[in-house]
Amino acid sequence: MREKRFETGLSHLRTYVEQHGDGHVPRSWVCPDCGFALGSWVAHKRAAIRAGNTSLGPERIAQLHAVGFETTSPRGVRGPTSLHQQQWDHGLNHLRAYVATHGNADVPRRHVTEDGFALGMWVQSRRKELRAGKLTASDRLEALSKLGFMEHSDRRGGFAAPGRNTAAETGGEAVGNYGDTSRQNLA
């Protein structure tokens, strides 16, 4: 089972490197054709190598490097070339495309772009950072603001949450949510 998963990951990594020119797979990367969480898989392999975990073995490590695996990421580099900045730019570009297509920045949590980027999770992470006061860079805040980014969303679980009914809509009696209204209509 582990051997098959390793071969699957290796195959997807090879494809990623061919398409993107490097092995710097964003942690949120999900393969668009099958949903394989390549970014997470690569991060685990990188962590295992850094920790000196012998479960990979020299043969597997050699296989990883042969397809373009990057043992280290340019995290120590600061500025526009850092991996963190590249990942931010990648996510922001996907958000821009989403807004251009859908007219808003309220991305469903489960939304994955055609090229496999987990945009919904990226947006969810930015919301958490914003609420926790960790998203403070003015240029990033301004870029999100220009796109109509919201700190909170009415979406639940990746789908739009039904709105609350007002008393006027229900003949004078306020109803809590769509499920309550449906049950009333069935009675």
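Identify all residues within the range 104-127 that are of a type in the set (Val, Ile, Thr) and over 9 Å from the mean Cα position of the chain (by Cα); write none if there are none.
VAL107, THR113 - these are the residues of the range 104-127 that are of a type in the set (Val, Ile, Thr) and over 9 Å from the mean Cα position of the chain (by Cα).
Does LEU95 fit the bill of being buried (at least 18 other Cβ atoms within 10 Å of the Cβ) and modelled with pLDDT of 90 or more?
Yes: the conditions hold for LEU95.
Please specify each residue of the range 58-87 satisfying the condition of being part of a helix (DSSP H, G or I), over 22 Å from the mean Cα position of the chain (by Cα) and modelled with pLDDT under 85.
Across the range 58-87, the qualifying residue is only GLY76.
Collect the residues in the range 39-73 that are under 16 Å from ARG5 (Cβ atoms) and among the polar types (S, T, N, Q), keeping them in residue-number order.
Of everything in the range 39-73, those that are under 16 Å from ARG5 (Cβ atoms) and among the polar types (S, T, N, Q) turn out to be SER40, ASN53, SER55, GLN63.
The values are calculated or read from the model by the stated rules, or taken from the named source; none is laboratory data. Values in this document were obtained by computation on a predicted structure and should not be read as measured data. A quick note on method: Cβ atoms are made from the backbone with ideal geometry, for glycine too, and the neighbour counts reach across all protein chains shown.
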